[in-house]
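Chemist: I have a structure I would like to understand better, so I am pasting it below and will then ask my questions one at a time.
The values are calculated or read from the model by the stated rules, or taken from the named source; none is laboratory data. Computed from a predicted structure; not experimentally measured. Here the Cβ is made from the backbone with ideal geometry for all residues, glycine too, and neighbour counts use every protein chain on show.
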There are 2 protein chains.
Amino acid sequence: MHFKAALPLRSGASVRAYDLSYETYGKLNADKSNAVLICHALNASHHVAGVYPGQTKSEGWWDSMVGPGKPVDTDRFFVIGVNNLGSCFGSTGPMHVNPDSADGHVYGADFPVVTVEDWVHSQALLLDRLGIQTLAAVMGGSLGGMQATAWTLLYPGRLLRAVVVASAPNLTAENIAFNEVARRAIVTDPDFHGGHFYRHGVVPKRGLRIARMIGHITYLSDDVMNAKFGRELRRAVAQTGTSPDYRYITQEVEFQIESYLRYQGDKFADYFDANTYLLITRTLDYFDPARAYGGNLSQALARATCKFLLVSFVTDWRFAPARSRELVKALLDNQRDVSYAEIDAPHGHDAFLMDDPRYHGVVRAYFAALAAEVGL
Amino acid sequence: MHFKAALPLRSGASVRAYDLSYETYGKLNADKSNAVLICHALNASHHVAGVYPGQTKSEGWWDSMVGPGKPVDTDRFFVIGVNNLGSCFGSTGPMHVNPDSADGHVYGADFPVVTVEDWVHSQALLLDRLGIQTLAAVMGGSLGGMQATAWTLLYPGRLLRAVVVASAPNLTAENIAFNEVARRAIVTDPDFHGGHFYRHGVVPKRGLRIARMIGHITYLSDDVMNAKFGRELRRAVAQTGTSPDYRYITQEVEFQIESYLRYQGDKFADYFDANTYLLITRTLDYFDPARAYGGNLSQALARATCKFLLVSFVTDWRFAPARSRELVKALLDNQRDVSYAEIDAPHGHDAFLMDDPRYHGVVRAYFAALAAEVGL
């Protein structure tokens with residue numbers, strides 16, 4: 001969807017004209033009461049569910065959650081996935097031509113910093129175009145959960161329910177620290193060229209690999225890493241199945257976990273845009289609805305009027321359950337209708353993408369209640 | 001101390017001739033019964049305690065713990081600090097000339113991988129030279145604690161007590177993962193040149209900075225990071241003391257925590273050797289005394305006969321208390337004399353370097369009992 005009017009941003013800058021890539025699943029009903037917006041996290045996209053014909057491994061990033069008969073049931077709900085501004089999967093971002101560039105260069109590092117609130121405004125404009133005034137629900141995990149939270153504050157009259165999974169009211173110093181190390185790895189890669197690497201015909205892949213490796217460690221729990229990889233040697237698995245002696249090497253892979261991380265880093269560096277990585281990690285850093293209220297989250301959430309479901313996972317140390325409980329407490333301070341589930345899943349932050357039956361059961365029940373409320 | 005005889009290593013390689021830098025504090029008594037060996041962790045050295053005359057900020061890395069009247073009291077004990085082989089503070093390592101190099105190049109990446117056990121053997125040879133047969137105690141934190149543990153297994157007859165602080169019987173997959181990301185940052189720095197950067201007149205500082213930033217995050221607790229830095233903006237502190245608006249930047253410092261990490265990274269890259277970083281993180285990865293016993297730590301520790309003090313810190317997520325408890329349990333399975341203190345300090349892994357009064361009280365009492373046992 002193309003937007004001609006400039007989008008003013010929190011920073012004071014604006015995006016002059018832009019496209020938003022989106023996908024929909026299911027059918028919008030006659031009174032347009034069954035729309036659900038799904039917000040994505042760092043490296044996902046508008047492709048939430050389903051597969052593209054003829055493309056293997058093209059499942060949407062939340063395909064276990066969204067689809068016919070699934071917890072967010074597209075036989076009843078009309079689901080919308082939007083790629084956020086600044087991302088690299090179709091919506092306008094650093095890889096697109098900068099209309100202010102005299103010689104037709106792409107934005108690169110000149111793409112303005114976008115905030116969670118900016119994204120929410122752009123999503124609202126998309127809904128306007130689709131003729132949807134009120135959403136049955138906004139749902140997201142991690143950074144997506146921050147968008148759902150922001151929706152309840154910026155457009156309290158435009159949604160009935162918010163589903164906020166594995167999220168937080170803001171980042172901790174440690175969260176910011178991990179983002180910063182990842183950004184430094186990218187920015188100090190000699191192929192980054194201040195964010196204008198496109199015109200040099202290179203990609204800062206070294207930095208992207210490091211960034212992704214760091215990210216992956218924080219997505220998993222210590223327990224699940226030990227269960228999946230433990231101290232297993234790579235050669236053992238590849239060769240005999242038993243554990244041979246160490247090879248006493250420092251630069252090559254010795255342990256399975258190293259092989260896994262390198263693979264994830266390589267894969268990521270092949271498809272993800274470095275400037276998008278900087279932008280989206282900054283979007284995470286900046287999100288902090290309580291900031292305008294001197295840190296008082298209860299005051300900040302007073303504007304939210306919808307019903308809430310919050311879900312956290314006990315092994316998630318990136319966005320720990322305590323962070324979700326801060327949101328729950330602030331909402332209860334405002335006498336809001338809040339459901340909260342803390343799921344004892346082993347997968348760390350990544351659990352929000354997995355199909356744990358307790359987790360999916362909670363979401364399924366919540367959307368069934370919503371369907372009844374809306375009269376679907 | 002120079003050693004002419006080659007040191008055979010676990011890997012099958014050897015170090016042909018080598019120096020060990022060491023310092024001593026206090027006086028060795030007549031019957032040589034008051035010697036305490038202090039083992040260092042990743043980036044420390046033989047300079048355990050005291051200051052160098054005329055040099056400000058030259059305190060030893062464990063100066064709060066070791067010295068006259070301190071928990072490890074050098075008025076009573078003769079304390080020895082040794083820089084480990086492969087390190088970069090005096091003992092033979094990657095920055096030294098490789099005797100096998102025809103053209104006089106330094107070892108660089110050709111310095112062989114050394115293990116905790118190799119270090120312990122080299123430390124035992126140093127003690128032989130100093131005429132010390134039996135140590136009153138071996139003590140270390142983190143990787144230093146692994147050396148203390150290895151001492152009890154390799155030379156059970158040569159020490160009375162082992163003090164193992166903030167340590168673990170081996171690294172978890174997550175521990176290895178963090179080491180690996182740090183190593184990749186160094187190895188993929190274009191200035192690394194396969195580990196032979198010295199002859200190119202460059203240093204892989206980008207990689208070292210990233211490695212150190214990652215390390216620092218894992219040394220601190222989430223709580224102490226929030227207490228020290230929180231979400232404070234750098235500009236606020238520098239300028240008005242209050243919190244101004246965000247600057248909406250991605251490549252420069254916005255938050256205080258970023259400034260702190262960059263400073264730590266810069267400082268480290270100025271003095272630490274990149275090959276040493278690879279070697280010592282690998283030494284950590286490889287340590288695993290239970291490995292030769294099919295993972296059975298109780299069997300592995302059966303050879304240890306000395307008394308043990310173990311200390312852990314509840315906010316240490318790098319070497320969590322549960323890891324120390326594994327050691328305690330394995331020692332108790334062997335009916336060993338074990339004291340264990342779990343200190344509720346907020347500082348994370350770094351707590352082992354701090355002077356928490358409960359922690360220091362425990363160590364002080366333990367060494368007082370040792371002094372009585374030895375008859376000091």
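Chemist: Report, ordered by the first and then the second residue, all pairs with beta carbons closer than 7 Å, sequence separation of six or more or different chains, a first member in segment B:126-139 that is outside any loop (DSSP other than H, G, I, E, B), and a second member that is of a type in the set (D, E, K, R).
Modeler: B:Leu135/B:Arg158; B:Ala136/B:Arg161; B:Ala137/B:Arg161
Chemist: Since A:Pro204 meets every condition but one in (1) buried (at least 23 other Cβ atoms within 10 Å of the Cβ); (2) under 28 Å from A:Met139 (Cα atoms), which condition does it not meet?
Modeler: Unmet for A:Pro204, out of (1) buried (at least 23 other Cβ atoms within 10 Å of the Cβ); (2) under 28 Å from A:Met139 (Cα atoms): (2).
Chemist: Across segment A:351-376, what is the number of residues that are over 16 Å from A:Met139 (Cα atoms) and either surrounded by 15 or more Cβ atoms within 10 Å (Cβ to Cβ) or touching a strand residue (DSSP E or B) at 6+ places or on another chain (Cβ under 6 Å) (or both)?
Modeler: Going through segment A:351-376 one residue at a time, the tally reaches 4.
Chemist: Considering only segment B:97-111, how many residues are free of Cβ contacts under 8 Å to residues at least 60 places away in the same chain and either assigned to a loop (DSSP other than H, G, I, E, B) or touching a helix residue (DSSP H, G or I) at 6+ places or on another chain (Cβ under 6 Å) (or both)?
Modeler: The qualifying residues number 5.
Chemist: For segment B:221-242, state whether one or more residues are assigned to a loop (DSSP other than H, G, I, E, B), farther than 27 Å from A:Phe287 by Cα and more than 8 Å from chain A (Cβ to nearest Cβ).
Modeler: no
Chemist: Name the residue, out of A:Arg212, A:Arg183, that is closer than 30 Å to A:Arg247 by Cα, under 23 Å from the mean Cα position of the chain (by Cα) and modelled with pLDDT of 95 or more.
Modeler: Exactly one residue qualifies, and that residue is A:Arg212.
Chemist: Could you please find all residues in segment A:194-205 being more than 8 Å from every other protein chain (Cβ to nearest Cβ) and either modelled with pLDDT under 95 or in a helix (DSSP H, G or I) (or both)?
Modeler: Scanning segment A:194-205 gives A:Phe197, A:Tyr198, A:Arg199, A:His200, A:Lys205.
Table: residues versus (1) over 30 Å from B:Asp344 (Cβ atoms); (2) of a type in the set (D, E, K, R); (3) within 14 Å of another protein chain (Cβ to nearest Cβ).
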{"residue": "B:Pro112", "(1), (2), (3)": "yes, no, yes"}
{"residue": "B:Thr152", "(1), (2), (3)": "no, no, no"}
{"residue": "B:Tyr155", "(1), (2), (3)": "yes, no, no"}
{"residue": "B:Val165", "(1), (2), (3)": "no, no, no"}
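Chemist: Before we move on, is B:Asp191 away from chain A (no Cβ under 12 Å), of a type in the set (Asp, Glu) and within 27 Å of the chain's Cα centre (by Cα)?
Modeler: Criteria not met by B:Asp191.
Chemist: If you don't mind, there's one more thing I want to ask. Filter segment A:1-28 for residues that are surrounded by fewer than 13 Cβ atoms within 10 Å (Cβ to Cβ) and not hydrophobic (A, V, I, L, M, F, W, C); which is nearest to the other protein chains (Cβ to nearest Cβ)?
Modeler: Taking the candidates together, the pick is A:Gly12.
Chemist: Could you list all residues from segment A:38-82 that are assigned to a loop (DSSP other than H, G, I, E, B), in contact with a helix residue (DSSP H, G or I) (Cβ under 6 Å, 6 or more places away or on another chain) and over 20 Å from A:Ala365 (Cβ atoms)?
Modeler: A:His40, A:Ala41, A:Leu42, listed by residue number.
Chemist: Which numbered condition in (1) surrounded by fewer than 24 Cβ atoms within 10 Å (Cβ to Cβ); (2) within 9 Å of chain B (Cβ to nearest Cβ); (3) part of a helix (DSSP H, G or I) is the only one that A:Asn170 fails?
Modeler: (3)
Chemist: Tell me, please, whether a residue that is in contact (Cβ under 8 Å) with a residue 24 or more places away in the chain, over 22 Å from A:Lys205 (Cβ atoms) and in contact with a helix residue (DSSP H, G or I) (Cβ under 9 Å, 6 or more places away or on another chain) can be found in segment B:240-249.
Modeler: no
Chemist: Follow-up. Give me the residue from segment B:260-314 that is hydrophobic (A, V, I, L, M, F, W, C) and without any contact (Cβ under 8 Å) to a residue 40 or more places away in the chain and, out of that set, surrounded by the fewest Cβ atoms within 10 Å (Cβ to Cβ).
Modeler: Applying the filter and picking the extreme gives B:Ala292.
Chemist: Return yes or no: is B:Leu309 farther than 28 Å from A:Trp317 by Cα, in contact with a helix residue (DSSP H, G or I) (Cβ under 9 Å, 6 or more places away or on another chain), not aromatic (Phe, Trp, Tyr) and not in a helix (DSSP H, G or I)?
Modeler: The answer is yes for B:Leu309.
A quick yes/no check of all residues on (1) facing chain A (nearest Cβ under 10 Å); (2) not in a loop (DSSP other than H, G, I, E, B):
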| residue | (1), (2) |
| --- | --- |
| B:Pro244 | no, no |
| B:Thr250 | yes, no |
| B:Tyr263 | no, yes |
| B:Asp266 | no, yes |
| B:Asn275 | yes, yes |
| B:Leu278 | yes, yes |
| B:Thr283 | yes, yes |
| B:Arg291 | yes, yes |
| B:Leu301 | no, yes |
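Chemist: To continue, here is another question. For segment A:144-203, which positions are more than 19 Å from A:Ala35 (Cα to Cα) and among the hydroxyl-bearing types (Ser, Thr, Tyr)?
Modeler: Of everything in segment A:144-203, those that are more than 19 Å from A:Ala35 (Cα to Cα) and among the hydroxyl-bearing types (Ser, Thr, Tyr) turn out to be A:Ser167, A:Thr172, A:Thr188, A:Tyr198.
Chemist: Residue by residue through segment B:327-340, note down the ones that are small (Gly, Ala, Ser) and crowded, with 19+ Cβ neighbours inside 10 Å.
Modeler: Scanning segment B:327-340 gives a single hit, B:Ala330.
Chemist: Looking at B:Asn98, is it modelled with pLDDT of 95 or more and over 26 Å from B:Gly157 (Cβ atoms)?
Modeler: yes
Chemist: Sticking with this structure for a sec: Tally time: how many residues in segment A:163-192 are free of Cβ contacts under 8 Å to residues at least 40 places away in the same chain and basic (Lys, Arg)?
Modeler: Adding up the residues that qualify gives 1.
Chemist: Take A:Gly104 and decide whether it is surrounded by fewer than 16 Cβ atoms within 10 Å (Cβ to Cβ) and touching a strand residue (DSSP E or B) at 6+ places or on another chain (Cβ under 7 Å).
Modeler: Yes; evaluated as a whole, the condition is true for this residue.
Chemist: For A:Ser122, are the conditions met, namely being over 14 Å from the mean Cα position of the chain (by Cα), away from chain B (no Cβ under 14 Å), at pLDDT 95 or above and at negative phi?
Modeler: When the stated conditions are applied, A:Ser122 passes them.
Chemist: Looking only at segment B:116-125, decide whether some residue is in contact with a strand residue (DSSP E or B) (Cβ under 6 Å, 6 or more places away or on another chain) and surrounded by fewer than 20 Cβ atoms within 10 Å (Cβ to Cβ).
Modeler: no
Chemist: Pairs only if they're at least six apart or on different chains, beta carbon under 7 angstrom, first in segment A:30-56 and at negative phi and free of Cβ contacts under 8 Å to residues at least 24 places away in the same chain, second in a loop (DSSP other than H, G, I, E, B) and polar (S, T, N, Q); list them, first residue then second.
Modeler: A:Val51/A:Ser58; A:Tyr52/A:Ser58
Chemist: Identify all residues within segment A:112-125 that are out of contact with any Gly (no Cβ under 6 Å at 6 or more places or on another chain), in a loop (DSSP other than H, G, I, E, B) and either among the hydrophobic types (A, V, I, L, M, F, W, C) or over 18 Å from A:Arg282 (Cα atoms) (or both); write none if there are none.
Modeler: Across segment A:112-125, the qualifying residue is only A:Val113.
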